[in-house]
1. Can you give the Rg to Rh ratio for region 1-120, taking only C-alpha atoms and Rh from Kirkwood?
2. Could you tell me how many degrees, from 0 to 90 and to the nearest 10, lie between the Cα long axis of helix 215-228 and the main elongation axis, the longest principal axis, of the Cα atoms of the chain?
3. At 7 Å along Cα-to-Cβ for each site, give me the label-to-label distance between residue 212 and residue 321 in nm.
4. Rank by packing, highest mean first: peptides 226-238, 293-305, with packing defined as the count of other Cβ atoms within 10 Å averaged across residues.
5. Can you tell which of 287, 35, 330 shows the greatest fluctuation in a Gaussian network model of the chain with Cα springs below 10 Å?
6. Using only Cα atoms, tell me the angle between helix 185-198 and the longest principal axis of the chain; keep it within 0 to 90° and round to the nearest 10.
7. With label points built 7 Å along Cα→Cβ from the Cα atoms of residue 130 and residue 175, find their separation and express it in nm.
8. Please report the spacing between the Cα centers of region 127-155 and region 303-330 in Å, no decimals.
Ligand code: 5AD
Ligand code: FES
């Protein structure tokens, strides 16, 4: 006999355990949705407190050897200029973070595996540590690398790494990437395993509202997140970019607002499922709704990544369209963000690393 499906409230009152229950949560509307969001806010306050930690984002370079079908800086897009920051620009941006008590930075870039790149990153890590008295936490978001590269960077003093899975559905993954042996789901999983093995605080995530993606896919993403024990999450709505192959499916997409709503549900469910992890309120959310990140903070997110990239490069780091804050320098961002976070009833964790409790408590 088939069991009667539980209601949203019944699920929220117990421990969410299975895929069917996750699907019910992903479909929640109206007062059920309010209940889901309220529960996520409660769990956040109880397990990690109403504090938002900063990670100053340095978009180091838009040079990329890969060709993901969704990404504006993919190798085949030649309609913009390629840049890498100078060492001085990187260290200066890190110093801004340090002097303003951000306590953590993220260095993000297109993916390159050549030894020149790998060694430059190691050198930059050392320079940043020197300039900041070893007090800044450094996160890298530099794509798939070999075990040895990840080890080299870990040994140079990097504590955290972000690598999104993009989707847990292998078939969907194939439709998002070229089939050339360099863009496989298995490689991505392998990289994530290396990072876990080496002892990084490891973050992952997916894009929400991709063409061909179903709610079942998102439920499976959540199950995999929980099973693999990640410490941090960053996810956001997929936003089409006209210079990419995936753009051709734009008419099949959910509305932008529906993609954002679904991404917010994912944030809330991750908070309820995994309680003491760190979750980012991402820029892609703000690209759809100027208050997108504040909405994420209210339903479970506790990390935000103020952009520290020198303004003159920002136009050229457009992974998707309508990216916000293109001409706001770091100083202007600072007061704007402070006001925004205050409006959510959260404090800013100035001077605190804000490591993922899931990592530090060894869960
Ligand atoms: N829309 C939303 N997010 C995107 N990313 C890349 N392209 C897009 C897009 N078109 C995200 C991917 C990647 C991260 C750096 O940016 O999830 O992992
Ligand atoms: Fe650069 Fe995907 S296009 S990593």
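A short reminder: the numbers here are calculations on the coordinates, not readings from a lab. Computed from a prediction, not measured in an experiment: that's the story for all the values here. Here Cβ is always computed from backbone atoms with ideal geometry, including for glycine, and neighbour counts include all displayed protein chains.
1. Rg/Rh for region 1-120 comes to 1.18.
2. Its long axis makes an angle of about 60 degrees.
3. With each label placed 7 Å out from Cα toward Cβ, I get 2.2 nm.
4. So the peptides 226-238, 293-305, ranked by packing, come out 293-305, 226-238.
5. Among 287, 35, 330, the largest GNM mean-square fluctuation belongs to 35.
6. The answer is roughly 70 degrees.
7. 5.0
8. After rounding, the separation between the Cα centres reads 22 Å.
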